[in-house]
């Protein structure tokens, strides 16, 4: 009994701490969220984030910039592993942890976990079997994390169900099927909470679905609106989609968007057009694929759009984060949305109206277009996929991809992991067929080609590379970046190490070898005055802190 009681007490204290953070039903006093919500609209409006990291990108801007500075360029060399969590049901974690008041929420396939963010101890676990009958990314059961609001945690499942879980226990409150897996839909994203709505997208663009974005009442799960990204016959932009091709046009919304509360505008990006690699069945620009959409979050109505790659035949999804940046130029503040696009160009747009301002190449291997003209359209070189294979740069994985960039508002630098790579692109028309993917063939790596990852710091105002940090590896990593007020950039490198470099010049300062390939982006949080930095790597979540 003397051994059992202390163990039970420790378990009780850990769980009680979780209840205190989110409030215990019926409990009154300072810690009770019956009087004050655990995660309010005001909590989600905080920028930059500090102690908490309440959404996939930290705050609504998508900057992945933390105001925490306990870990800095002066002491990061002393960073140590604090704890490791092994969820046990995935070898390809892609989730960014969310932390609220010392409680971490993370997903692995269809499982959700709440952890004590100081120790990695499991507070609750919501299990759910993976789904069968899925295609492509959904069939890999990818999950990139959760959203939180009041006392609820929201996650998307691989078969496009939206779950609302009790943040204090992990119990299921409600569940909504928002797309049909039998029609090739799936989901891989983390949701985004805006006001009292949970906004979700889908995967399946390469499997021939019609993309959309949907908003649900956060309390009840009732659908508020649905915005299709491929217009139906008679709608604006439908000329590219003859017959019933609009039903299989792609344009999926498989990464979280960003939000400007002052303009009350949601910015969400869309994937490539379908079928991949051949565009004969979809003439014209193929709206609204490979685009950023500015959407009224209250109604789902489109305010404006900008298409990065019209009539995309290269699989250049635009699902990279649309980052909201404010810069001072000519005595005024310019409100921008910026993106390092998979097509190899770094774009600046006016986020109030979508006006194109600038695009500059950020990789050296780029031959599908010569430049971007003054209207924002690419000046094409004529290289397109062919039956015999066409050498095209960037390659199939793009000049960058969905792994997160970051932006430091103190120095004006944008950090992105770039990929220097080219492929042979092949095309062969094929009809849409149920229960198969909708690729109009594919790509392969030429025998002499080498893929290389490079961490880049870009000047937002000029679009120029300020410094570069080439990676050791074969271009296989998918790790994103994090910028902090400690003048650091953290990232998952191409050789299995979690690294930190000087944000000003890219000088390497610290690394920890995990021996695993990164498929996720880092974040930072604070508990009891101690700063932690965490990242998922294959089958584990790692959290680091300075000795204390």
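The values are calculated or read from the model by the stated rules, or taken from the named source; none is laboratory data. Note that this is a predicted model, so its numbers are computed, not measured. Ideal geometry is used to build each Cβ from the backbone, glycine not excepted, and the neighbour counts take in all protein chains shown.
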Original post:
What number of residues within the range 352-392 are closer than 21 Å to residue 335 by Cβ, part of a loop (DSSP other than H, G, I, E, B) and touching a residue at least 40 places away in the same chain (Cβ under 8 Å)?
Top reply: 4
Subject >> Of all residues in the range 89-107 being in a loop (DSSP other than H, G, I, E, B) and in contact with a strand residue (DSSP E or B) (Cβ under 8 Å, 6 or more places away or on another chain), the one that is surrounded by the fewest Cβ atoms within 10 Å (Cβ to Cβ) >> reply: 89
Original post:
What number of residues in the range 165-189 are over 22 Å from residue 319 (Cα atoms) and either touching a helix residue (DSSP H, G or I) at 6+ places or on another chain (Cβ under 6 Å) or crowded, with 24+ Cβ neighbours inside 10 Å (or both)?
Top reply: 3
**OP:** May I ask you to verify whether residue 285 is buried (at least 16 other Cβ atoms within 10 Å of the Cβ), closer than 25 Å to residue 204 by Cβ and touching a residue at least 60 places away in the same chain (Cβ under 8 Å)?
**Re:** no
Original post:
Which of the residues spanning the range 164-178 are touching a residue at least 24 places away in the same chain (Cβ under 8 Å) and within 25 Å of residue 250 (Cα to Cα)?
Top reply: 176, 178
Subject >> Any strands (runs of 3 or more DSSP E) falling wholly within the range 152-249 and containing at least 3 residues that are under 19 Å from residue 112 (Cα atoms) and under 22 Å from the mean Cα position of the chain (by Cα) >> reply: 152-156, 161-166, 197-200
Subject >> Boolean, residue 502 is more than 29 Å from residue 390 (Cα to Cα) and either without any contact (Cβ under 8 Å) to a residue 24 or more places away in the chain or over 23 Å from the mean Cα position of the chain (by Cα) (or both) >> reply: yes
**OP:** Taking residue 512 as the residue in question, decide whether it is under 19 Å from the mean Cα position of the chain (by Cα), at pLDDT 95 or above and part of a strand (DSSP E or B).
**Re:** no
**OP:** Tell me, yes or no, whether the range 86-95 has at least one residue that is more than 21 Å from the chain's Cα centre (by Cα) and modelled with pLDDT of 95 or more.
**Re:** yes
Subject >> Number of the exception - residue 478 against (1) without any contact (Cβ under 8 Å) to a residue 12 or more places away in the chain; (2) under 20 Å from the mean Cα position of the chain (by Cα) >> reply: (1)
**OP:** Take the range 475-491 and flag every residue that is under 23 Å from residue 74 (Cβ atoms) and touching a strand residue (DSSP E or B) at 6+ places or on another chain (Cβ under 6 Å).
**Re:** 481, 482, 483, 484, 488, 489, 490, 491
Subject >> Residues that are more than 23 Å from residue 401 (Cβ to Cβ) and surrounded by 23 or more Cβ atoms within 10 Å (Cβ to Cβ), drawn from the range 489-529 >> reply: 525
**OP:** State all residues of the range 224-260 that are surrounded by fewer than 23 Cβ atoms within 10 Å (Cβ to Cβ) and under 15 Å from residue 195 (Cβ atoms); if no residue qualifies, say none.
**Re:** 224, 225, 260
Original post:
For the subset of the range 379-397 comprising residues that are under 30 Å from residue 58 (Cβ atoms) and surrounded by fewer than 23 Cβ atoms within 10 Å (Cβ to Cβ), which member is farthest from the chain's Cα centre (by Cα)?
Top reply: 396
Original post:
Restricting the range 307-323 to residues that are crowded, with 24+ Cβ neighbours inside 10 Å and in contact with a strand residue (DSSP E or B) (Cβ under 6 Å, 6 or more places away or on another chain), which is farthest from residue 380 (Cα to Cα)?
Top reply: 323
